[in-house]
């Protein structure tokens, strides 16, 4: 009993420091990085106006503008206005825009609605490689619920959905952490 009372505290603190140092040493060599893994060979991106295959007006303009802002804000890439000066081209098309009623009030007026936007996106080198020419565009979709009774409108819902789509598109521009050989 008396031996436990006089146990030195210093070795416990030393063990803790040693464990922390060991953990730092073990993780430092694993290739972990806090920066987003963007392709260093790409310097510039050209983003033309997205095409629209819907009857909803100006959604493609809103999405194009938000994608350009998101690229400028989150990536090391520089946007260019001319396709000849671009290393890569990010093109897209808005394929589907829909508004649906989820909940009606007792007077059959919409209480809660959803806004869904579906787009296809293709990011290729300039000029595109043979593999990029054959590749199908990536299809992304986003849905948002909104409530008109509290002042939300279809336009504000469309803007919020386009913001989420723009974030998804820029996320897709990051380099994958795996290689094609890993998938085989």
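The values are calculated or read from the model by the stated rules, or taken from the named source; none is laboratory data. All values reported here derive from a predicted model rather than from experimental measurement. Neighbour counts run over all protein chains shown; Cβ positions are idealised from the backbone, glycine included.
For residue 63, are the conditions met, namely being within 17 Å of residue 41 (Cα to Cα), touching a helix residue (DSSP H, G or I) at 6+ places or on another chain (Cβ under 9 Å) and modelled with pLDDT of 95 or more?
In short, no.
Based on what the data block shows, is residue 149 closer than 25 Å to residue 37 by Cα and modelled with pLDDT under 95?
On the way: closer than 25 Å to residue 37 by Cα: no; modelled with pLDDT under 95: yes.
Against the criterion (closer than 25 Å to residue 37 by Cα and modelled with pLDDT under 95), residue 149 does not qualify.
If I ask for residues that are in contact (Cβ under 8 Å) with a residue 12 or more places away in the chain, assigned to a loop (DSSP other than H, G, I, E, B) and closer than 22 Å to residue 99 by Cα, which ones from region 56-81 would you list?
Hit for region 56-81 is 56, nothing else.
Are there any pairs with C-beta distances below 6 angstrom linking a residue in region 150-172 that is under 18 Å from residue 65 (Cβ atoms) to a residue that is modelled with pLDDT under 95 and assigned to a helix (DSSP H, G or I), with the two at least 6 apart or on different chains, and if so which?
170/74
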